[in-house]
Every structure is written in C-alpha cells, then in structure tokens.
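Participant: Dropping the structure in here first, questions after.
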Amino acid sequence: MGKKVTSTDIAKAAGVSQSTVSMVLNKKHNVSFSRETIDRVEAAAKELGYSAPKRKTRKGARKEKLLVVFCSNLTNPYYVMLLQGIELRAKEQGFGLFVCNTQRDLKMEERYLKMMWQLRPLGIIYTCNPSHCFMGLVKELAEKIPVAVVNNQNEKLDVDAVELDNSKLGSIMAEHLLELGHRRVAYIAPPLTARQKQRSKRVEGFLKVYEKAGLKGNVIIKAAREEIDLDVAHIDSEYKIGYDLAWELLREERDITAIVGLNDMIAFGILDALHEAKLRVPADMSVMGCDNTLFTRMHKLDLTTIEHFVIFKGRDACDIIMKKIASRSNSYSEIEPVSTYHVEYEPKLIVRGTTGYARAPGKRVKRNKN
C-alpha cells in the first residue's frame, strides 16, 4: 500500500503553501484565490490521488434533543410563565427548546408548522389553541411527533391537552364582585374574534353569573377593534387596550363601580387610567385582572386576580410530551397504544388591594381628563 497523500505533498506539487491547499480543498470561501491557483491545487490533488479524510465524530455524540413551543404573544407575561414551566422540566430531561412566536399571524403559524417536517423535533407544545384552519395539519403532525396543547377546555381537540376552563375563570371574577355589592360593572377585553375563543369563554362565564343574578344588562363589555390582532404585538399592546378603553368608559359617564380586565396586562392599563383620572382604587372603582402574573403582587399594584397555576401547566405539558416519547420508544407490543392525556387545575381567587365594597348607589366620582 502506497504512502497516503497529504496536503503537504499537494503543496509541493502545486508550488503553493500548505495552508493554501487546505483552504482551497476545504472550500473556504471567505478567502479569495485566483482561478489559476485553485485549478493548480485541484489538478495536483487529482494527479496524486488525494482523498479527503472523513470527518471524525465524537464517540457517543448524538443529535440534540429538541422540543418546539408555539407561542402566540411573548409580550404577555402569561406566555413567559408557561415557557418557564416548560423549560424547567425540559432542562431536567436534557431537552433544548425552539420557540415559534406566531404573533397570532396565520401565515407565520402555517410557516412554522410546515417547518416541523424538516426540523423533526421530539415533541411540540402549543401554549394556546392552534388556529382551526390548521387543526388538520396539527393532527397529521401528532401522528408522527407527540403534540400537547394548553387549551380552552370547551374546545374539542383530539390531541393531548393541559386544559383551562376559561368560563370558570370569568364566573369566579363575577362572583367576587357581586359579593362586594358591585351591580353595575364593565369588562375590558382584546378583540373577541372567532379565532380567539378562549377570550369569549372568559367573558361568557362572567356574563352568566350576572345573568343568573338578573343583572346581565348591567354589564358593559368593551372589546378592542379586530384590526388590533392583525398588527404585530408591541410590549404594551394589551396594557394600551386596558388604558384606552378605561378612558372611553370614564368619558361616557357610566355609573359603574368596577372594571375587569380579561388579563393582568389589561388590568394594569385600567389602573393607570384611573390613577390619571384621580379615582381611588378600590374606594371609587374596583379593578380585577386574571393570570396572577409576577407584577400583580408588587406593593404599588397589589392587583386582585385569578391564579390558575400557569407555570405548573407548562411543566405538565412537557411531562405529557415526555410520556409520549417514552411510550413510543419502549414498545411492549406490535400495536402502539393510543392514549390521550388531559390535565386541569382548579382556579383560585387571589384577593388583594384593588377590589373592595361598591361605593354607595348614586355617589358620583369626578373625572380629571377631558
């Protein structure tokens, strides 16, 4: 067997340096050589019978274990909390995360979904309901890749889910305000579109309790324009919904005693509008949010809200994926078992400083802004 041809041999034959040979043969395009030099090196390599060495792989090296997480809006701390729960569990199991922020854009969601066939993650987690027009694609993916969804309980999905009964969250909020004597109230929400049913369910749960008390006509629903969902969400998008719609309510001179935000971010905007109007919370107006995000417990905010264990839901969604991966890799029979996991937490009212007894009927409050 002849001596193995090296880059040094080629360099001598071509009359160039060894480093030039190395860069030419390894296609280092960031360094430019004349066409003549490249041809001379390649011809010498061919004449000497040079063959490139095979790349060595580290013993035991393996493909990165990857999970994909679909989020609709990373400007809301709710989704960051879900991600935290997922990442804590994924890290324990040696998985990395790839986050797809769809920004509630259908084209973006479709693009990411189609990428999954090439990316081939070991699992996919949706932190909200997939858009209905893509449910067929999601189910198709679920046949090959474990999929879990943190979804609204009222949706009928044939995939594994960590469920949230949004109507129950709304009813708990309404019951709390009625107990405090609030008979005329307002509810501020993002756009209540067919694509975002979880929002409507939260509002419906609230309205049902007031309807049962014979006060449905005393609830004012203020929802943002549908076009807002078409824009890329800014860091203050939901805060501005609360702020702007709270001012609309105040200008209309409605004799309400409480304002509810569909989530905590909206409630923060409501609080700022009331502060600018020099209205006391809760003496003049009670305020509620939902999700119990980090900022709600800060002393200056002290927001009454609903805890529904968001971080735990993220953790459980990840656990479902791990169970599915294990069941697919450990075959006990010729037929793969079909199992659907559903996990649900009971929400809890967190009473803080922004809700109190309704002010006396007929007592007017001054607004400070035109």
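The values are calculated or read from the model by the stated rules, or taken from the named source; none is laboratory data. Predicted model only: the values in this text are computed from it and were never measured. When we count neighbours, we look across all protein chains shown, and the Cβ atoms used for this are built from the backbone with ideal geometry, even at glycine. Calculation scope for accessible area: heavy atoms of the full protein, side chains included, ligands and nucleic acids excluded. Shrake-Rupley method; radii C 1.70, N 1.55, O 1.52, S 1.80 Å.
Participant: Return only the number of the condition from (1) closer than 22 Å to N292 by Cα; (2) of a type outside the set (K, R); (3) out of contact with any Pro (no Cβ under 7 Å at 6 or more places or on another chain) that E238 does not satisfy.
Facilitator: (3)
Participant: Across segment 232-256, what is the number of residues that are in a loop (DSSP other than H, G, I, E, B) and open to solvent by less than 20 Å² (accessible area, probe 1.4 Å)? Even if it seems obvious, please write down each step before you answer.
Facilitator: Restricting attention to segment 232-256, the residues satisfying the condition of being in a loop (DSSP other than H, G, I, E, B) are 232-236, 252-256.
In the following step, the residues that additionally are open to solvent by less than 20 Å² (accessible area, probe 1.4 Å) were identified as 256.
Here the count works out to 1.
Participant: In segment 263-276, how many residues are under 19 Å from the mean Cα position of the chain (by Cα) and open to solvent by 10 Å² or more (accessible area, probe 1.4 Å)? Quick ask: steps written out before the conclusion?
Facilitator: Start the filter on segment 263-276 by keeping residues that are under 19 Å from the mean Cα position of the chain (by Cα), which leaves 263-266.
Narrowing the set further to residues that are open to solvent by 10 Å² or more (accessible area, probe 1.4 Å) leaves 265.
Total meeting the criteria: 1.
Participant: Additional query: Kindly check whether there is at least one residue in segment 175-188 that is open to solvent by less than 10 Å² (accessible area, probe 1.4 Å) and touching a Cys at 6+ places or on another chain (Cβ under 8 Å).
Facilitator: The answer is no; no qualifying residue exists.
Participant: If we keep just the residues of segment 62-83 that are part of a helix (DSSP H, G or I) and hydrophobic (A, V, I, L, M, F, W, C), which is most open to solvent (accessible area, probe 1.4 Å)? Break it down into steps so the answer makes sense when it comes.
Facilitator: First, pick out the residues of segment 62-83 that are part of a helix (DSSP H, G or I): 77-83.
Cutting the leftovers down to hydrophobic (A, V, I, L, M, F, W, C) gives us 80-83.
Working: V80: 76, M81: 30, L82: 0, L83: 28 Å².
Checking each candidate, the answer is V80.
Participant: Pull out all pairs, ordered by first then second residue, where Cβ-Cβ is under 7 Å, the residues are six or more apart or on different chains, the first lies in segment 265-289 and is of a type in the set (D, E), and the second is in a loop (DSSP other than H, G, I, E, B).
Facilitator: From segment 265-289, the pairs are E276/N368; E276/K369; D284/R359; D284/V365.
Participant: Of D236, D244, D255, which residue is more than 22 Å from the chain's Cα centre (by Cα) and closer than 24 Å to L74 by Cβ? Please lay out each step first, then the result.
Facilitator: Working: D236 fails: more than 22 Å from the chain's Cα centre (by Cα); D255 fails: closer than 24 Å to L74 by Cβ.
Of D236, D244, D255, the one residue that is more than 22 Å from the chain's Cα centre (by Cα) and closer than 24 Å to L74 by Cβ is D244.
Participant: Within segment 124-146, does at least one residue satisfy the condition of being of a type in the set (A, V, I, L, M), part of a loop (DSSP other than H, G, I, E, B) and open to solvent by 40 Å² or more (accessible area, probe 1.4 Å)? Walk me through how you get there before you give the answer.
Facilitator: Step one: filter segment 124-146 for residues of a type in the set (A, V, I, L, M), giving 124-125, 135, 137-138, 141-142, 145.
In the following step, the residues that additionally are part of a loop (DSSP other than H, G, I, E, B) were identified as 145.
Add one more test, that the residue is open to solvent by 40 Å² or more (accessible area, probe 1.4 Å), and what stays is none.
So far as segment 124-146 goes, no, none of its residues is of a type in the set (A, V, I, L, M), part of a loop (DSSP other than H, G, I, E, B) and open to solvent by 40 Å² or more (accessible area, probe 1.4 Å).
Participant: Being within 25 Å of the chain's Cα centre (by Cα) and not polar (S, T, N, Q) is the filter here; which residues of segment 277-301 pass it?
Facilitator: So the first thing to find is which residues in segment 277-301 are within 25 Å of the chain's Cα centre (by Cα), and the list is 288-298, 301.
Of everything in segment 277-301, those that are within 25 Å of the chain's Cα centre (by Cα) and not polar (S, T, N, Q) turn out to be M288, G289, C290, D291, L294, F295, R297, M298, L301.
Participant: So which residues in segment 283-300 are assigned to a loop (DSSP other than H, G, I, E, B) and either over 15 Å from I259 (Cα atoms) or not hydrophobic (A, V, I, L, M, F, W, C) (or both)?
Facilitator: Kept after step one, since they are assigned to a loop (DSSP other than H, G, I, E, B), are these residues of segment 283-300: 283-285, 289-293, 298-300.
Selection gives D284, G289, D291, N292, T293, M298, H299, K300.
Participant: What about R104, is it at pLDDT below 95, on the phi > 0 side of the Ramachandran plot and buried (at least 17 other Cβ atoms within 10 Å of the Cβ)? Full working, then the answer.
Facilitator: Working: at pLDDT below 95: yes; on the phi > 0 side of the Ramachandran plot: yes; buried (at least 17 other Cβ atoms within 10 Å of the Cβ): yes.
It is true that R104 is at pLDDT below 95, on the phi > 0 side of the Ramachandran plot and buried (at least 17 other Cβ atoms within 10 Å of the Cβ).
Participant: Going by what's in this entry, would D316 be described as touching a strand residue (DSSP E or B) at 6+ places or on another chain (Cβ under 6 Å) and in a helix (DSSP H, G or I)? Lay out the reasoning, then the answer.
Facilitator: Numbers: touching a strand residue (DSSP E or B) at 6+ places or on another chain (Cβ under 6 Å): yes; in a helix (DSSP H, G or I): yes.
Yes: the conditions hold for D316.
Participant: Related question: Which condition from (1) modelled with pLDDT of 90 or more; (2) surrounded by fewer than 16 Cβ atoms within 10 Å (Cβ to Cβ) is the one that P337 breaks?
Facilitator: (1)
Participant: Is at least one residue of segment 277-285 at negative phi, in contact with a Cys (Cβ under 8 Å, 6 or more places away or on another chain) and buried (at least 18 other Cβ atoms within 10 Å of the Cβ)? Steps first, please.
Facilitator: Filtering segment 277-285 for residues at negative phi gives 277, 279-285.
Subset that is in contact with a Cys (Cβ under 8 Å, 6 or more places away or on another chain): none.
The answer is no; no qualifying residue exists.
Participant: Right, something else. How many residues, within segment 213-229, are charged (D, E, K, R) and crowded, with 17+ Cβ neighbours inside 10 Å? Before the answer, list the steps.
Facilitator: Going through segment 213-229, the residues charged (D, E, K, R) turn out to be 216, 222, 225-227, 229.
If we keep only those that are crowded, with 17+ Cβ neighbours inside 10 Å too, we end up with 222, 229.
Residues flagged as charged (D, E, K, R) and crowded, with 17+ Cβ neighbours inside 10 Å within segment 213-229 amount to 2.
Participant: Which numbered condition trips up P190, out of (1) modelled with pLDDT of 95 or more; (2) within 29 Å of E109 (Cα to Cα)?
Facilitator: Condition (1) is where P190 drops out.
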